[in-house]
Structures are given as C-alpha cells and as structure tokens.
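Report on the structure given below.
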Amino acid sequence: MDTHRQDLYPDLTASGGLGPAMKEAATWRGCDIGLSPWATDVIRIETARGYVSVDPATEERLFRVTVHIPGFTWEIGSTDDLGLLVEAVAAWREGMPFEELEAKFDFMELEEFARALETGEPTSLQWSDLLSSDF
C-alpha cells in the first residue's frame, strides 16, 4: 500500500490488507462474509445474488460495495465503517430482502434494477430502459 492509503486505512495496514481486516471485523461481529482465506486487497465474494466486491477509495476513507452479475455491474453503496460494511455483506449473502437491507444499512442505495433482480425481472427492466432512452 502507498503512504496515502496507509494514512486513510491504518487498520487495514495493521491487519495485513483489506481481506484480513474484513475477516477480523466479521469474526468480531459474528458475521459470515464468505471471504476466501487467501484474499488480501482485492475482495470479491460469490453470493447467490452475484459477486460482491469491496474496494477502498483512494481519495478518502470509504469502502465502495459493488455487485456483479453476468453483463452488469453496479455500485450499491459505500461506507467508512468497516464493521457496518461486513454486516451488510453478510446480510447480502444471507439473502436479506432489499427493502430490509436499505432500512438496516442506510448507506446502501439499491436502485430499481436491484429490485427488478430480486423479483426475477431484470431483463424486462433493461429493455424498458433501453427503449425509453433518448440515445
């Protein structure tokens, strides 16, 4: 890690990287985040809802959470609280309904596409968005 990031993330540096810090925070909070034992700084967790990735911002202390499904990637929120982050990742993995996720984790921003994914209709929403686009 560079010096700038060390100043923003001393807890990550002390733990040996983002992966070990997330595992430690998850253990401390009694969460299962499903992180592979070898994860260090590139965090990508497989869930039934696609892959969740976490990456720290370089300009400020902020953990960005992104979801990836085949053909689509979208950011679902960001927080500076590592403990809250691991709780949200664990809840996502456990399949907590999106409305409950938004209510419990106010940093999460689950837009219309995420709701369509939950109901099993992302394709129709994608077509609707494309057909209504000015482009």
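Each residue in segment 98-110 was checked for being exposed (fewer than 12 other Cβ atoms within 10 Å of the Cβ) and either in a loop (DSSP other than H, G, I, E, B) or at pLDDT 90 or above (or both), and 3 of them qualify.
Pairing residues of segment 11-22 that are within 16 Å of Gly34 (Cβ to Cβ) with residues that are of a type in the set (Asp, Glu), at Cβ distances under 9 Å and at least 6 apart in sequence or on separate chains, gives Leu18/Asp41; Leu18/Asp55; Gly19/Asp41; Ala21/Asp11.
Here is a yes/no grid of residues against (1) more than 27 Å from Glu111 (Cα to Cα); (2) part of a helix (DSSP H, G or I); (3) at pLDDT 90 or above:
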residue	(1), (2), (3)
Ala21	yes, yes, yes
Glu24	yes, yes, yes
Cys31	no, no, yes
Pro37	yes, no, no
Thr40	yes, no, no
Val52	no, no, yes
Glu59	no, no, yes
Thr66	no, no, yes
Thr73	no, no, no
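Assessment of segment 5-23 against the conditions (acidic (Asp, Glu), at negative phi and buried (at least 18 other Cβ atoms within 10 Å of the Cβ)) yields no matching residue.
The values are calculated or read from the model by the stated rules, or taken from the named source; none is laboratory data. Computed from a prediction, not measured in an experiment: that's the story for all the values here. Because the Cβ atoms are built from the backbone with ideal geometry, glycine has one as well, and the counts that use them run over all protein chains shown.
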